[in-house]
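Structure first, then comments.
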Amino acid sequence: MKAAVFDIDGTLIDSIDFWRNLGKNYLISQGISPRDDLNQAMETLTVTEGISYMKEEYKIGKTSLQIKDELDELLFSYYKNDAKLKPYVIEVIKTLKSKNIRLAIASVIDEN
């Protein structure tokens, strides 16, 4: 093996719950009480579709770009301050590096 590529969310970092609740946390940060079915309504939507859904459904008086920027701020804060590595990540990386295996981290960016 010459190289290894890791997906960051759910593989290296235990971030699934954060992503699952991103819409809810955003609405709460805006002083809006989300309905109980929000996660279910948004689970198959892209970030762009989710923004449109929240904007229309919760009558958010901001542009989609403003909402995306605020979501990005929540994400940045989470990854900087709260994200936790999953068990054994450091050990696996050290082992691979000791064998001169090149490492990369990948993720998906929604540009829709």
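Values in this text are rule-based calculations from the coordinates and carry no lab data. Quick caveat: nothing in here was measured; it's all calculated off a predicted structure. FYI the Cβ positions are ideal-geometry reconstructions off the backbone, even for glycines, and counts take in every protein chain you see.
Here are some notes:
- Candidate set from the stretch 72-98 (those that are outside any helix (DSSP H, G or I) and touching a strand residue (DSSP E or B) at 6+ places or on another chain (Cβ under 9 Å)); member that is nearest to ILE51 (Cα to Cα): ALA83
- Long-range neighbours under 8 Å by Cβ, at least six apart or interchain, first residue of a type in the set (Val, Ile, Thr) within the stretch 60-84, second part of a helix (DSSP H, G or I) and surrounded by 12 or more Cβ atoms within 10 Å (Cβ to Cβ): ILE60/MET54; ILE60/ILE67; ILE67/TYR26; ILE67/ILE51; ILE67/MET54; ILE67/LYS55
- Residues (part of a loop (DSSP other than H, G, I, E, B) and surrounded by 15 or more Cβ atoms within 10 Å (Cβ to Cβ)) located in the stretch 33-50: PRO34, LEU45
- The set of residues in the stretch 40-59 being in contact (Cβ under 8 Å) with a residue 24 or more places away in the chain, within 23 Å of ILE8 (Cα to Cα) and not polar (S, T, N, Q) consists of VAL47, GLU49, GLY50.
- Of all residues in the stretch 51-71, those satisfying the criterion of being of a type outside the set (Phe, Trp, Tyr) and outside any helix (DSSP H, G or I) are LYS59, ILE60, GLY61, LYS62, THR63.
- Residues of the stretch 16-30 that are within 16 Å of GLN40 (Cβ to Cβ) and outside any helix (DSSP H, G or I): ASN21 alone.
- Listed by first and then second residue, the pairs linking a residue in the stretch 1-16 that is without any contact (Cβ under 8 Å) to a residue 60 or more places away in the chain to a residue that is part of a strand (DSSP E or B) and loosely packed, with under 10 Cβ neighbours inside 10 Å, with Cβ atoms under 7 Å apart and 6 or more places separating them unless they lie on different chains, form an empty list.
- Complete set of residues in the stretch 15-42 that are more than 17 Å from LYS59 (Cα to Cα) and of a type in the set (Ser, Thr, Tyr): SER15
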